[in-house]
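Here the structure is laid out as structure tokens; the discussion comes afterwards.
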Amino acid sequence: MKHPYRIREIAARAGLSQATVDRVLHRRGGVREGTARAVHQAIADLDREQPGTGRDLVIDVVLRTSRRFAAAVRAALDAEIGEFAPLTVRTRVHHTDAPAEALNRVDEARSHGLIVLAQPDPDVTDAAARLTVPVVTLNHDLPAGKRIAHVGVDDFGSGATAAYLVDRLLADRAGDVLLINGRGPREEGFRSGLPVRRLLTAGSADTGPVREILAANPSIRAVYSAGTGGSAAVLAAFAAERRNYDVFVAHGLDNENTELLRACRISAVLHQDLRADLRHACRAILRSHGALPGAIRSQPSVVQVITPFNVPVTDG
């Protein structure tokens, strides 16, 4: 009898041991007729609960990222989930510093799929390779395991885009560049695009540490904030030091950056359309279960450059 379920799932549903279920499924004999009926009934019950038949579909989301970006992911998911009616889709978000452990726990839960945002280090890659649910990667790709699609922006490309903007906007003017919250591929991309500029780094956007760097480096004329949030605090540091800047490139079109853009206090914001990316991710998982029609495809997105002249208009 063919079925897609793990023996422990069937055993839990039937209230039997995994060894007993294994004997029934492989027709090894030595079990009572009523026990065999219980196993087949458990499989039938699981079949009725498959996607597209009215059951809640659960998608787990494992994130190793900043709190701000995790909150943005939650908000985007909340905005998109209702779009899949009449299917009922629920998400469980796991914001963690230990993504490999979270991936291992997901496979023990009754999950229909996983969206994962984490650097592809060996532990994460190994954990993903052991998963039995369909996986969609967000921003950072994982080539192993059950990965069915990839969505999101490339961090290296985002950093390189920021470097291009800073270099072009500074043009021939001399000046150093302050890099804030730079780490990983985004910083690597930024550095690759500014080989002749001196870069100074700040681990956070807090006003105090930024003021110290500004006080010690009077030649800073441009800022790239590689993380999300904190632009107003950086501007406060410049104001407190009575310093000006020529270029300020930030990430994320949150309320703070939107207001600063409209006031022309920052030059540009690199924006990721999270709602679109997560919509594609959820659709890929639902299609893998046959709950939605269409082919399963990766959907890499491009970073959007938002200036004071093309800020999106929001409702309300």
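Could you go through the stretch 162-172 and let me know if any residue there is in contact with a Gly (Cβ under 7 Å, 6 or more places away or on another chain), without any contact (Cβ under 8 Å) to a residue 24 or more places away in the chain and of a type in the set (Ser, Thr, Tyr). Checked against the condition, which is being in contact with a Gly (Cβ under 7 Å, 6 or more places away or on another chain), without any contact (Cβ under 8 Å) to a residue 24 or more places away in the chain and of a type in the set (Ser, Thr, Tyr), the stretch 162-172 yields no hits at all. Consider residue 265 carefully, then state whether it is among the charged types (D, E, K, R) and surrounded by 15 or more Cβ atoms within 10 Å (Cβ to Cβ). So residue 265 fits the description; yes.
Is one or more of the residues making up the stretch 222-229 among the small types (Gly, Ala, Ser), in contact with a strand residue (DSSP E or B) (Cβ under 7 Å, 6 or more places away or on another chain) and not assigned by TED's automatic domain parsing to the domain that holds residue 264? Looking for residues that are among the small types (Gly, Ala, Ser), in contact with a strand residue (DSSP E or B) (Cβ under 7 Å, 6 or more places away or on another chain) and not assigned by TED's automatic domain parsing to the domain that holds residue 264, one finds none in the stretch 222-229, hence no.
Could you please let me know if residue 265 is among the charged types (D, E, K, R), under 30 Å from residue 81 (Cβ atoms) and not in a helix (DSSP H, G or I)? So residue 265 does not fit the description; no.
With the condition kept exactly as written, say whether any residue in the stretch 239-259 is touching a His at 6+ places or on another chain (Cβ under 6 Å), surrounded by fewer than 21 Cβ atoms within 10 Å (Cβ to Cβ) and not in a strand (DSSP E or B). Looking for residues that are touching a His at 6+ places or on another chain (Cβ under 6 Å), surrounded by fewer than 21 Cβ atoms within 10 Å (Cβ to Cβ) and not in a strand (DSSP E or B), one finds none in the stretch 239-259, hence no. Just a yes or no: is a residue in the stretch 274-288 outside the structural domain of residue 168 (by TED's automatic domain parsing), closer than 28 Å to residue 59 by Cα and not in a helix (DSSP H, G or I)? Checked the stretch 274-288: no residue is outside the structural domain of residue 168 (by TED's automatic domain parsing), closer than 28 Å to residue 59 by Cα and not in a helix (DSSP H, G or I).
Is it true that some residue in the stretch 33-56 is touching a Ser or Thr at 6+ places or on another chain (Cβ under 6 Å) and of a type in the set (Lys, Arg)? No: the stretch 33-56 contains no residue that is touching a Ser or Thr at 6+ places or on another chain (Cβ under 6 Å) and of a type in the set (Lys, Arg).
Of the residues that sit in the stretch 102-132 and are free of Cβ contacts under 8 Å to residues at least 40 places away in the same chain and part of a loop (DSSP other than H, G, I, E, B), which one is surrounded by the most Cβ atoms within 10 Å (Cβ to Cβ)? Top of the filtered list is 131.
When you scan the stretch 180-196, do you find a residue that is out of contact with any Cys (no Cβ under 7 Å at 6 or more places or on another chain) and more than 30 Å from residue 141 (Cβ to Cβ), even just one? Within the stretch 180-196, one or more residues are out of contact with any Cys (no Cβ under 7 Å at 6 or more places or on another chain) and more than 30 Å from residue 141 (Cβ to Cβ).
Criterion applied to 281, 291 was being in contact with a Gly (Cβ under 8 Å, 6 or more places away or on another chain), buried (at least 16 other Cβ atoms within 10 Å of the Cβ) and of a type in the set (A, V, I, L, M), and the one residue passing it is 291.
For the stretch 23-47, a residue qualifies if it is under 20 Å from residue 110 (Cβ atoms) and either surrounded by fewer than 15 Cβ atoms within 10 Å (Cβ to Cβ) or touching a Leu at 6+ places or on another chain (Cβ under 6 Å) (or both), and the qualifying residues are 41, 44, 45, 47.
Looking at 177, 151, just one residue is part of a strand (DSSP E or B), at pLDDT 90 or above, over 16 Å from the mean Cα position of the chain (by Cα) and farther than 26 Å from residue 9 by Cα, and that residue is 177.
Within the stretch 265-287, residues that are farther than 24 Å from residue 135 by Cα reach partners that are in a strand (DSSP E or B) and polar (S, T, N, Q) with beta carbons closer than 6 Å, at six or more positions or on different chains, in the pairs 271/304. Do we have any residue at all in the stretch 251-259 that's in the same structural domain as residue 175 (by TED's automatic domain parsing) and more than 25 Å from residue 187 (Cβ to Cβ)? For the stretch 251-259, residues in the same structural domain as residue 175 (by TED's automatic domain parsing) and more than 25 Å from residue 187 (Cβ to Cβ): present.
Going by what's in this entry, would residue 222 be described as more than 22 Å from the chain's Cα centre (by Cα) and assigned to a strand (DSSP E or B)? In short, yes. Looking only at residues in the stretch 198-226 that are in contact with a Gly (Cβ under 8 Å, 6 or more places away or on another chain) and under 20 Å from residue 66 (Cβ atoms), the one that is surrounded by the most Cβ atoms within 10 Å (Cβ to Cβ) is 224. The set of residues from the stretch 67-103 being hydroxyl-bearing (Ser, Thr, Tyr) and within 22 Å of residue 122 (Cβ to Cβ) comprises just one member, 96.
Could you list, ordered by first residue, the pairs with Cβ atoms under 8 Å in which the first is in the stretch 43-66 and more than 19 Å from residue 6 (Cβ to Cβ) and modelled with pLDDT of 75 or more and the second is of a type in the set (D, E, K, R) and not in a helix (DSSP H, G or I), at least 6 apart or interchain? Short answer, once both residue conditions are applied: 61/92; 64/97. Scanning the stretch 301-310 for residues that are under 23 Å from the mean Cα position of the chain (by Cα) and surrounded by 15 or more Cβ atoms within 10 Å (Cβ to Cβ) yields a count of 5.
The values are calculated or read from the model by the stated rules, or taken from the named source; none is laboratory data. The shown structure was predicted, so the numbers you read here are calculated from the model rather than taken from an experiment. Reconstructed Cβ throughout: ideal geometry from the backbone, glycine too, with neighbour counts over all protein chains shown.
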